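Readers should treat all values here as calculations from the given coordinates under stated rules, not as data from a laboratory. This structure is a prediction, so every number in the text was calculated from the model and none was measured. Cβ placement follows ideal geometry from the backbone for every residue including glycine, while neighbour counts extend to all protein chains displayed.
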Amino acid sequence: MKKFFKLFVLISCLFLLLFLYTFLCASSYAQTVSSDIADSVFRLHVIANSDSNEDQNLKYLVRDKLIEYMNSLCSNTCSKEEAMKIANENIEVLQNIAQNVVYENGFNYSVNVNIGKYNFPTKNYGDISLPAGTYDALRVEIGEAKGQNWWCVMFPPLCFVDVTSGIVPKESKEVIKDNLSNEEYNLINNEKKAGFTFKFKILEWFQDNKILTAKK
């Protein structure tokens with residue numbers, strides 16, 4: 001009986017060590033991949049005043065004007081840092097554009113525009129999926145900012161992706177690919193998801209359970 005108990009304890013310890021090793025490896029993998037993807041992406045986040053139809057429509061009008069302006073400035077941008085620099089240099093212009101759209105449509109809401117790190121859920125952009133995590137973003141808050149959010153990616157340029165077609169333009173994919181490792185690119189590319197679904201789910205699980213921390 002003693003022999004059996006010792007064997008049981010030994011096997012239990014081995015299983016525990018294997019579990020801890022697997023957990024640490026998965027955590028390290030998820031942390032690295034999450035940081036690398038976030039370091040390559042600059043997002044746009046527009047929050048409506050409320051969920052009323054009028055406020056939601058206003059959100060889209062603000063979005064369209066901001067994307068139009070940023071696209072004219074960032075059409076030849078080659079890096080996230082460059083896109084963020086342009087956004088920072090034009091923060092007051094972006095604020096005025098958003099505020100004018102609000103006034104022109106008969107509302108008196110104030111608009112706040114900031115650049116910072118914000119949490120995002122998993123989001124699909126055509127056949128590209130970005131895992132949940134903390135990303136640098138241009139955040140636009142309309143009025144009380146209590147309505148539904150709208151997200152897109154300003155760099156690489158995915159804001160104009162037609163999600164109904166399910167296809168991201170080749171040029172945008174090339175920019176993404178140039179800024180990520182092959183494995184990271186394959187991880188977020190739904191066309192090549194077969195062998196990477198499990199890894200993507202690991203990344204989502206760590207993010208959803210707040211095990212990963214934002215990179216400073």
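Scanning segment 126-140 for residues that are surrounded by 20 or more Cβ atoms within 10 Å (Cβ to Cβ) and either more than 15 Å from the chain's Cα centre (by Cα) or under 14 Å from ILE37 (Cβ atoms) (or both) turns up ILE128, LEU130, PRO131, GLY133, TYR135, ASP136, ALA137, VAL140.
Determine which member of the set LEU58, LEU66 is farther than 26 Å from VAL175 by Cα, surrounded by 15 or more Cβ atoms within 10 Å (Cβ to Cβ), touching a residue at least 60 places away in the same chain (Cβ under 8 Å) and in contact with a strand residue (DSSP E or B) (Cβ under 9 Å, 6 or more places away or on another chain).
Exactly one residue qualifies, and that residue is LEU58.
If the condition is being touching a strand residue (DSSP E or B) at 6+ places or on another chain (Cβ under 9 Å) and surrounded by 13 or more Cβ atoms within 10 Å (Cβ to Cβ), then segment 86-95 contributes ALA87, ILE91, LEU94, GLN95. Applying the selection to segment 89-112, what residues are within 15 Å of ASP55 (Cα to Cα) and of a type in the set (A, V, I, L, M, F, W, C)? Once the filter is applied, which keeps residues that are within 15 Å of ASP55 (Cα to Cα) and of a type in the set (A, V, I, L, M, F, W, C), segment 89-112 yields ALA98, VAL101, VAL102, PHE107, VAL111.
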